[in-house]
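Just below is one structure, and these are the notes that go with it.
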Amino acid sequence: MSKKVYDVIIVGAGFAGMYLLHRVRALGLSARVIEAGSDVGGTWYWNRYPGARCDVESMQYSYQFDPELQQEWSWSERYSPQPEILDYARHVAERYDLRRDIQFDTRIAAARFDESAARWTLTAEDGGTTTARFFVMATGCLSAPNWPQIDGLSSFAGPTYHTALWPHEPVSFKGQRVAVIGTGSSAIQSIPHIAREADHLTVFQRTANYAVPAHNGPLDAKLEAEIKAHYAEMRARAKTTPGGLDIVYSKDSVLEATPEEQEAAFERNWQRGGLGFMSAFGDLMMDRKANDIAAEFVRAKIRALVDDPETAEALCPKNIIGAKRFCVDIGYFETYNRDNVTLVEVKGRPIEAITPTSVRVHGRDYEIDTLVIATGFDAMTGALTRVDIRGRNGAALAERWADGPTSYLGLAMTDFPNLFTVTGPGSPSVFSNMLPTIEQHVDWIAGCLGHAKAHGYTTIEAEAEAEKAWWDHHQEVGARGLKSAADSWYLGANVAGKARVFLPYYGGIPAYFRKCEEVVANGYEGFAFG
Ligand code: FAD
Ligand code: NAP
């Protein structure tokens with residue numbers, strides 16, 4: 001790596017790292033991005049499994065920092081497929097000439113803060129080092145793949161693919177007996193595609209998931225023109241909603257609605273499709289009885305879509321709807337009507353072992369040729385704790401977070417001066433349309449760096465009291481309602497041994513954005529400058 005001392009080193013060249021590089025350059029600071037992959041795009045570089053696409057509508061899942069970029073880019077579908085989102089990331093890299101400051105194929109393994117020089121030195125897996133005053137982990141909330149702990153996994157003789165580490169070469173399932181482990185969003189998107197190609201597909205389901213149809217299709221040219229004519233207004237409206245989506249959230253109570261009103265509101269949202277399903281009523285995530293009504297509506301849909309009643313029942317989730325991440329599907333439930341697809345439930349009777357030729361459940365071997373692992377991520381903290389980050393007095397981030405993370409606004413941590421995280425734990429991040437929240441964090445960090453530059457500060461650090469107050473508030477908000485009641489990756493519950501702590505901020509975009517603005521207006525309240 002370069003021996004030059006930079007003003008800022010950014011780890012990660014996904015949408016966060018790319019935009020931050022652009023912003024930091026505009027401040028006249030020198031910057032270098034270090035990226036483990038061979039190109040930009042982050043999520044959309046790694047997750048190339050068949051069927052991968054966004055589940056926030058493309059007209060909203062895009063940058064808004066440059067109105068010209070917004071006007072010139074055209075999406076082909078309502079929900080763009082992964083290759084098109086990757087093309088968009090590449091277009092952005094070219095348009096803003098980003099690649100000349102990005103070092104690819106380099107994974108950072110460690111980072112040390114030198115207190116006397118007030119600088120960070122980063123060490124890559126290949127031993128190379130680089131140094132900077134400021135260091136930003138733009139490493140993503142969903143970028144550290146989670147492998148299941150199943151005996152014999154590495155003994156499997158055929159190809160094994162993790163959805164988040166999908167090969168760049170085409171993968172063919174023709175003539176294959178394929179197993180998919182997992183039924184989260186990645187599985188729900190890939191299963192219909194794999195089923196169409198494979199000889200036989202066996203899906204191993206531990207927890208059934210709620211999914212709402214995408215009703216995907218070519219992007220309506222009239223709608224595109226209409227949005228482009230009023231893009232700024234739409235973006236502004238979206239920022240007034242809890243998840244940063246341009247959707248009208250009803251405040252009505254489902255418990256006070258008649259059965260006809262309930263049915264009509266849910267059906268309207270089902271027909272619209274996508275992530276806004278739960279916007280039908282205001283109390284669905286606050287009250288279990290209210291939640292059950294929405295859950296039963298979706299279960300009735302699943303029963304109507306799946307021919308075999310036993311399979312339909314197994315596919316009907318029994319947990320709280322909306323507590324785990326909602327899924328958006330294209331023909332997922334209908335896939336189980338195919339003769340070449342088998343569902344195997346592994347709840348309460350976990351997969352015992354993977355043998356060289358099979359998945360073993362309850363003493364039975366399911367013989368397969370190809371294994372697809374769709375078991376998700378060590379979300380929100382994994383990419384941060386997988387790097388050995390040492391701050392003031394050798395404070396180790398992974399150790400400090402062993403019982404769960406703490407952070408001031410999901411942006412900075414006490415004892416880790418000059419280190420920022422984009423969409424870190426304690427910020428809305430994965431509870432939102434992520435491109436706008438990434439942009440808000442990047443803008444905030446760039447503003448803070450500009451402030452430090454203007455005043456000649458060499459260190460910025462979150463104060464312990466401010467961090468604690470924010471974290472206590474964040475945990476208190478997270479405990480409200482039903483979101484914390486289910487075992488989900490939002491609470492770290494999907495990773496063996498991970499502390500069960502509420503990770504993304506649940507107070508909504510408007511309150512969070514306001515808080516960040518107030519911090520700045522009050523002279524970066526809660527931050528110490530040196
Ligand atoms: P990432 O895109 O994850 O980029 C982080 C980068 O950091 C990666 O390229 C990684 O290689 C690099 N990195 C990590 N650690 C290191 C290291 N130690 N050294 C060097 N490099 C490192 N969000 C939505 O809002 N809407 C959606 O529809 C949506 N769909 C998604 C679909 C999938 C399949 C997945 C997995 C996530 C989806 N998300 C979605 C969330 C998505 O992650 C964000 O929207 C966004 O792309 C994150 O951008 P990022 O730059 O913050 O992180
Ligand atoms: P995930 O939601 O965490 O799903 C992982 C699945 O694997 C779950 O069904 C889980 O079951 C199962 N699993 C884990 N370990 C297992 C084991 N040992 N045996 C059997 N099953 C096991 O991961 P993901 O599907 O990759 O999605 C992660 C997140 O990425 C999503 O929630 C979403 O935010 C984002 N994403 C979005 C899209 C999109 O539509 N745009 C697509 C993909 C991903 P349990 O539920 O029982 O733990």
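Read-outs throughout are calculated quantities, based only on the coordinates presented, and are distinct from any laboratory measurement. Values in this document were obtained by computation on a predicted structure and should not be read as measured data. Reconstructed Cβ throughout: ideal geometry from the backbone, glycine too, with neighbour counts over all protein chains shown.
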Calculate, in nm to one decimal, what residue 453 and residue 367 gain on full extension: separation in residues at 0.36 nm each, minus their alpha carbon distance.
24.8 nm
Cα centroid separation, the range 94-133 to the range 15-65 (Å)
17
Would you mind getting me the FRET efficiency between residue 30 and residue 169? Use the beta-carbon distance for r and R0 = 56 Å, nearest 0.05.
0.90
Relative contact order in percent for the range 120-197 (Cα pairs under 8 Å, 6+ apart) equals 18
What nm distance separates the two modelled labels at residue 310 and residue 226, each placed 7 Å from Cα along Cα→Cβ?
4.8
Set of aspartates and glutamates near residue 228 by C-alpha distance (under 17 Å), chain-local residues within fewer than 8 positions excluded
57, 66, 68, 72, 77, 220, 246
If you take the beta carbon distance between residue 240 and residue 69 as r and set R0 to 25 Å, what does 1/(1 + (r/R0)^6) give as a FRET efficiency, to the nearest 0.05?
0.60
Which order, highest average first, do 260-268, 185-193 follow once you tally other Cβ atoms within 10 Å for each residue and take the mean per peptide?
185-193, 260-268
Given axes a ≥ b ≥ c from the Cα gyration tensor, I'd like to know whether the range 195-243 is rounded (a/c under 1.5), prolate (a/b larger than b/c) or oblate.
oblate
Restricting to the chain, compute how many DSSP beta bridges are antiparallel as a %, nearest 5.
40
In terms of the charge dipole of the range 431-530, which places +1 on Lys and Arg and -1 on Asp and Glu at the beta carbon, the residue among 456, 433, 473 farthest towards the positive end is 433
Residue by residue through the range 57-73, the couplings from Karplus 6.51 cos²θ - 1.76 cosθ + 1.60 with θ = phi - 60°, in Hz, x for Gly and Pro, are 4, 4, 5, 10, 8, 6, 5, 10, 6, 10, x, 5, 4, 4, 7, 7, 8
Using a 7 Å offset from Cα along Cα-Cβ at residue 340, what residues in the range 140-164 end up with backbone N under 12 Å from the label point?
none
Value of [θ]222 nm, deg cm²/dmol, for the chain, DSSP H segments ≥ 4, -39500 (n - 2.57) each, nearest 500
-9500 deg cm²/dmol
Taking H placed 1.01 Å from N in the peptide plane, check which residues at least 5 places from residue 353 or on another chain put their amide H under 5 Å from its amide H.
360
Under 5 Å between amide H atoms, partner at least 5 residues away or on a different chain: which partners does residue 377 have, H built in plane at 1.01 Å?
146
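Using packing as a proxy for protection, rank 297-305, 275-283 so that the peptide with the highest average count of other Cβ atoms within 10 Å comes first.
Working: 297-305: 17.0, 275-283: 21.2.
In decreasing order of mean packing, 297-305, 275-283 become 275-283, 297-305.
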Between the range 149-171 and the range 463-489, how far is it from one alpha carbon centroid to the other, in angstrom?
35
Could you sort the peptides 10-21, 83-94 by per-residue average Cβ neighbour count (10 Å cutoff), highest mean leading?
10-21, 83-94
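What dipole magnitude, in Debye to the nearest 20, does the range 436-505 give about its Cα centre under +1 on Lys/Arg Cβ and -1 on Asp/Glu Cβ?
With Lys and Arg at +1 and Asp and Glu at -1, about 260 debye.
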In nm, to one decimal, how far is the residue 248 label point from the residue 388 one, both placed 7 Å along Cα→Cβ?
5.7
Obtain the nm distance between the two label points defined at residue 76 and residue 395 by a simple spin-label model: each point lies 7 Å from its Cα along the Cα-to-C-beta direction.
4.9
Mind checking Rg over Rh on the chain, alpha carbons, Kirkwood formula for Rh?
0.96
In this structure, among 239/468; 251/324; 3/498; 4/515; 239/347; 251/301, pairs with alpha-carbon gaps over 28 Å are 3/498; 4/515; 239/347
